[in-house]
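Just below is one structure, and these are the notes that go with it.
The values are calculated or read from the model by the stated rules, or taken from the named source; none is laboratory data. No experiment lies behind these values; they were computed from the predicted model shown. Cβ sites come from the backbone with ideal geometry, for glycine too, and all protein chains shown count toward neighbours. Just so you know, the surface numbers come from the protein's heavy atoms only, side chains and all, with ligands and any DNA or RNA stripped out. Shrake-Rupley method; radii C 1.70, N 1.55, O 1.52, S 1.80 Å.
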Amino acid sequence: MTKSEYEWNMSKSKEKKIVVANWKMNPSGIEEANEIFSAIKKSAKRAKNATVVVCPPFTYLHSAKKLYAKSNIALGAQDVFWQNSGPYTGEISPGMLKDSGAKYVIVGHSERRTLFDTDEIVCKKVGAAIRSGLVTVLCVGESARDGDGKYFQFLKEQILSSLKGLQKRHLEKLIIAYEPIWAIGKDAKNSILPRDLHEIVILIRKILSDHYKAAVASRVKILYGGSVAATNAAELLLQGNVDGFIVGRESLSKEGFDKMLGACL
Ligand code: PGA
């Protein structure tokens, strides 16, 4: 490692980590949601070097907003629509999310891409969310890995197609979450290896700096998501060189999330 690489690593390791709890469509009732909200509040109090962002289903945001009013936890949503108002039955606008207390929004999660969200839709959502001032967590990731590294090209196209029309200044509100589909959820056999994650982090920074200015691109936070738990969090952070995580299943387990945050210290 060169001296400047070492210095860069050291300064990165001191930066606050971002841990996004993605609850997906869980838990099934508000009582249980409130219990988990309270447990996360306690855990986050101790995690001084992490920004904890809780992304519950839309209908729980209101309750969380009250509970987290004076805490160090930020709220986020799991999706957003790109129009501000109008005849769009079932959709929720960036402004509505902000009114509900959300400061962050996840866009382009693979589970949404499987249902409805094409690259074009993801791009519209990213643009609208960022322009409205929401910190936007753009999820990207391949469904499988091939021996020829075609997934590198896939990732490049996925990232660039989502950022079409965005300018340098918009990158300040952008976070990229690398979530390989094969590592997500209960059917995943493994999480990613830290060295493979590091390779992807370098690739994402290169894609951003080729497209925008290197100095701006280097400030974009990169998260990892896919089977993150207390057992792998520390090495993924340190060796994978990410700025934090998106955590699914483990964010619904009071004990598991607490231990995982502890491992990020
Ligand atoms: P997981 O999900 O932590 O349960 O693998 C992560 C995600 O889908 O964001």
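Overview of values
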read-out	value
Probe 1.4 Å - accessible area at residue 59, Å² to nearest ten	110 Å²
Cα-based shape type of region 82-198, given that a ≥ b ≥ c are square roots of the gyration tensor eigenvalues and the cut on a/c is 1.5	prolate
Computed helical MRE - 222 nm, the chain, DSSP H runs ≥ 4 contributing -39500 (n - 2.57), nearest 500	-13500 deg cm²/dmol
Proportion of all alpha-carbon pairs of the chain beyond 22 Å (%)	54 percent
Extension reserve of the residue 215-residue 238 stretch, reckoned as 0.36 nm per residue once the Cα distance is removed	6.1 nm
Positive-end residue of 123, 60, 135, charge dipole of the chain with Cβ unit charges	135
Separation of the residue 91 and residue 255 label points, Cα + 7 Å toward Cβ, nm	4.4 nm
FRET efficiency for residue 231 and residue 46, using Cβ-Cβ distance with R0 set to 22 Å, rounded to 0.05	0.70
Additional length obtainable on full extension of the chain from residue 187 to residue 72, 0.36 nm per residue less Cα span	38.1 nm
In Hz, Karplus ³J(HN,Hα) per residue of region 101-106 (6.51, -1.76, 1.60; θ = phi - 60°; x = Gly, Pro)	x, 6, 10, 10, 8, 8
Pairs beyond 19 Å (Cα-Cα), from 156/213; 16/186; 45/66; 24/254; 124/213	16/186; 124/213
Within region 19-262: Cβ-based charge dipole about Cα centre, in debye rounded to nearest 20 (Lys, Arg +1; Asp, Glu -1)	960 debye
Two-site FRET efficiency, residue 143 against residue 34, from Cβ-Cβ distance with R₀ of 41 Å, rounded to 0.05	0.70
13 Å Cα-Cα reach of residue 125 towards aspartates and glutamates, excluding residues that sit fewer than 8 places from it in its own chain	79, 91, 117
For region 19-262: relative contact order, % (alpha-carbon pairs under 8 angstrom, 6 or more apart)	19 percent
Karplus (6.51, -1.76, 1.60) ³J(HN,Hα), θ = phi - 60°, over region 225-239, in Hz, Gly and Pro reported as x	x, x, 6, 7, 8, 4, 5, 10, 4, 4, 6, 5, 5, 6, 8
